[in-house]
Amino acid sequence: MTEPSLTFEAAMARLEQIVADLEGGKLSLEESLKKFEEGITLGKTCRDFLDRADLRIRTLTADGDAGDNSVEADDDDE
Amino acid sequence: MSFAEERIFAVGEINALVREMLEGEFPAVAIAGEVSNLRVPASGHVYFKLKDASAQIAAVCFRSDARRMDFELEDGAQVIARGTLTLYDAQGSYQLIARSLEPAGRGDLERALRVLIARLREEGLFDAARKRALPLYPHRVAVVTSPTGAAVRDILSTIQRRFPCVEVLMVPVQVQGDAAPAQIVQALDAISARGDVDVVILGRGGGSIEDLAAFNDEGVARAIHRCTAPVVSAVGHESDVTIADFVADVRAATPTMAAEIAVPARAEVLARIAGLERAAAVRLSGRIDGARRRVDAFVRSYALGRVRGSVEHAMQRLDHARHRAERATGSALGERRARSHALDARLAGLNPRDVLRRGYAVVVDASGGSAVTSVTEAVRVRDVHLVFNDGAASASVTGELARDAGQRERAVRGVSK
């Protein structure tokens, strides 16, 4: 999508596919090992991504009036 | 008519009679009019006059009823007041006891809304079939709401708590007032144009039907419908369902719930990853067991001379596999190594050469057949090869020494069969 590397969603999907492939039992030992190694690497990638602690917030200001928005406070939620 | 027949009332008496008539005749009335002379004394009861061009009626709304009003009453407001007529004894004037008040236009608004809802439904904007699934793990979440309301605080704190690794794209808009619908449409179209947003949260806190007008706007409904990213609507309270909620891919009852729907919980995702890694380790372990069984079968089913090289090769491959799996597991899982303990244990036991090294030998039929696995078979074939860790020797079986008790029974049954 936006990132040049694998997105988190794609990495998770790949990891799930690998487990499914391993479960399928159709792979040679060598292929199984390769998949396993890739899976472990993907797991680490995903975990690293989740370790990012701070929410990044950007504001879309293309329309120009984003800065001086003067809306009154909403009613209470919940 | 004589004076004797004339009925003379006390003032209070006639007032009471008229009150009974009024209350009996008009137990429930709805009166449309303009509010004037509005007074709210310390008692909290609301006194006002309802008037039109040429007439007026006194009205009171008692504090307990006034508290339930969901709009600000003011002089000049056009309202529909519902209640009972009664007579105020002290003044001899009749008045309306208003049990409920609503802005006069509200009925029209609701009718117009029902017509619009029917039309959009007919057009298919609410079809369940066109609702898109939300991404499991969004990368960028757009939040279209007022930058100052409670809604934005709830949404941001919920995302921060659950899944802080996403990027939030704030798109500040007015959520009520005349400018609100156009701003919301512009925001949704800008998000579509970017094409890099995975899910949109569109919301505000609850409010009256007038406050929610922007979320009942046809233009907003169509902008949600054509938005390239799935939209989670979060308009106020459970009871406030708007057209935006009908069109949205998912409807959340509150802004907090919208954020919970839009992003997963980090802890759950971590558990999922751990589960997948464990499953991969278990599968690989099973795969290695399978390979090992095939090597064993191989050794048993061919003459030693012909398979020596292949067995050696298979052993090397398993050694190599074990090494690689250990390295991958060890380096990536680190302290989580305990979890892959089962895999390690199975890897360690799989090399047949380790078994031979510990002093065991494999007995193979010398006449070119399979591995010899029983005393009966050994006596029968007589000429065997003994496979050691470092080579093989030929031998002759000269007789049976002993049998395991359990095995004997089975052998006897096998012979007598």
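Across region B:35-52, the number of residues qualifying as in a strand (DSSP E or B) and open to solvent by 60 Å² or more (accessible area, probe 1.4 Å) comes to 5. Do we have any residue at all in region A:8-22 that's within 7 Å of chain B (Cβ to nearest Cβ), within 30 Å of B:Ala229 (Cα to Cα) and of a type in the set (D, E, K, R)? Yes, region A:8-22 contains at least one residue that is within 7 Å of chain B (Cβ to nearest Cβ), within 30 Å of B:Ala229 (Cα to Cα) and of a type in the set (D, E, K, R).
What are the residues in region A:23-52 that are under 13 Å from the mean Cα position of the chain (by Cα) and either facing chain B (nearest Cβ under 9 Å) or among the charged types (D, E, K, R) (or both), if any? Hits for region A:23-52 are A:Leu42, A:Gly43, A:Lys44, A:Cys46, A:Arg47, A:Asp48, A:Phe49, A:Leu50, A:Asp51, A:Arg52.
Of all residue pairs spaced 6 or more apart or on separate chains, those with beta-carbon atoms under 8 Å, a first member in region B:281-292 that is within 17 Å of A:Leu42 (Cα to Cα) and a second member that is crowded, with 21+ Cβ neighbours inside 10 Å and of a type in the set (Gly, Ala, Ser) are B:Ala281/B:Ser340; B:Arg283/A:Ser32; B:Leu284/A:Ser32; B:Leu284/B:Ala325.
Across region B:164-182, a minimum of one residue is classified as surrounded by fewer than 20 Cβ atoms within 10 Å (Cβ to Cβ), among the aliphatic types (A, V, I, L, M) and without any contact (Cβ under 8 Å) to a residue 24 or more places away in the chain.
Within region B:143-157, being facing chain A (nearest Cβ under 7 Å) and in contact with a Gly (Cβ under 7 Å, 6 or more places away or on another chain) holds for B:Gly149, B:Ala150, B:Ala151.
Select from region B:13-34 the residues that are of a type in the set (D, E, K, R), loosely packed, with under 12 Cβ neighbours inside 10 Å and under 28 Å from B:Asp75 (Cβ atoms) and list them in ascending order.
none
Residue pairs whose Cβ atoms lie under 9 Å apart, sitting 6 or more positions apart in sequence or on different chains, and linking a residue in region B:53-74 that is outside any loop (DSSP other than H, G, I, E, B) to a partner that is among the aromatic types (Phe, Trp, Tyr) and open to solvent by 40 Å² or more (accessible area, probe 1.4 Å), are B:Ile57/B:Tyr94; B:Ala58/B:Tyr47; B:Ala58/B:Tyr88; B:Ala58/B:Tyr94; B:Ala59/B:Tyr47; B:Val60/B:Tyr47; B:Val60/B:Tyr88; B:Cys61/B:Tyr47. Considering only residues in region B:119-142 that are within 23 Å of B:Phe246 (Cα to Cα) and facing another protein chain (nearest Cβ under 9 Å), the one that is surrounded by the fewest Cβ atoms within 10 Å (Cβ to Cβ) turns out to be B:Leu136.
When region B:84-107 is filtered for residues that are part of a strand (DSSP E or B) and either touching a Gly at 6+ places or on another chain (Cβ under 8 Å) or aliphatic (A, V, I, L, M) (or both), the ones remaining, listed by number, are B:Leu85, B:Leu87, B:Leu96, B:Ile97, B:Ala98, B:Arg99, B:Ser100, B:Leu101.
Inside region A:7-51, residues that are of a type in the set (A, V, I, L, M, F, W, C), more than 17 Å from B:Arg272 (Cβ to Cβ) and open to solvent by 20 Å² or more (accessible area, probe 1.4 Å) make up a count of 1. When we screen B:Arg327, B:Arg346, B:Arg337 for residues that are open to solvent by 70 Å² or more (accessible area, probe 1.4 Å), modelled with pLDDT under 70, in contact with a Ser or Thr (Cβ under 6 Å, 6 or more places away or on another chain) and in a helix (DSSP H, G or I), the only hit is B:Arg346. Quick one: in region B:128-152, of everything that is under 20 Å from the mean Cα position of the chain (by Cα) and of a type outside the set (A, V, I, L, M, F, W, C), which residue is farthest from B:Val269 (Cα to Cα)? Here the answer is B:Arg130.
Out of B:Val60, B:Val11, which single residue is under 52 Å from the mean Cα position of the chain (by Cα) and of a type in the set (A, V, I, L, M, F, W, C)? Give the steps one after another, and end with the answer.
Details: B:Val11 fails: under 52 Å from the mean Cα position of the chain (by Cα).
Of B:Val60, B:Val11, the one residue that is under 52 Å from the mean Cα position of the chain (by Cα) and of a type in the set (A, V, I, L, M, F, W, C) is B:Val60.
Could we say that B:Asp75 is open to solvent by 50 Å² or more (accessible area, probe 1.4 Å) and farther than 18 Å from B:Lys49 by Cβ here? No; evaluated as a whole, the condition is false for this residue.
The set of residues in region B:158-174 that are farther than 14 Å from B:Val141 by Cα and more than 9 Å from chain A (Cβ to nearest Cβ) contains only B:Arg161.
The values are calculated or read from the model by the stated rules, or taken from the named source; none is laboratory data. Note that this is a predicted model, so its numbers are computed, not measured. No Cβ is skipped: glycine too gets one built from the backbone with ideal geometry, and neighbour counts run over all protein chains shown. These accessible areas exclude ligands, DNA and RNA; they are computed on the full protein's heavy atoms, side chains included. Shrake-Rupley method; radii C 1.70, N 1.55, O 1.52, S 1.80 Å.
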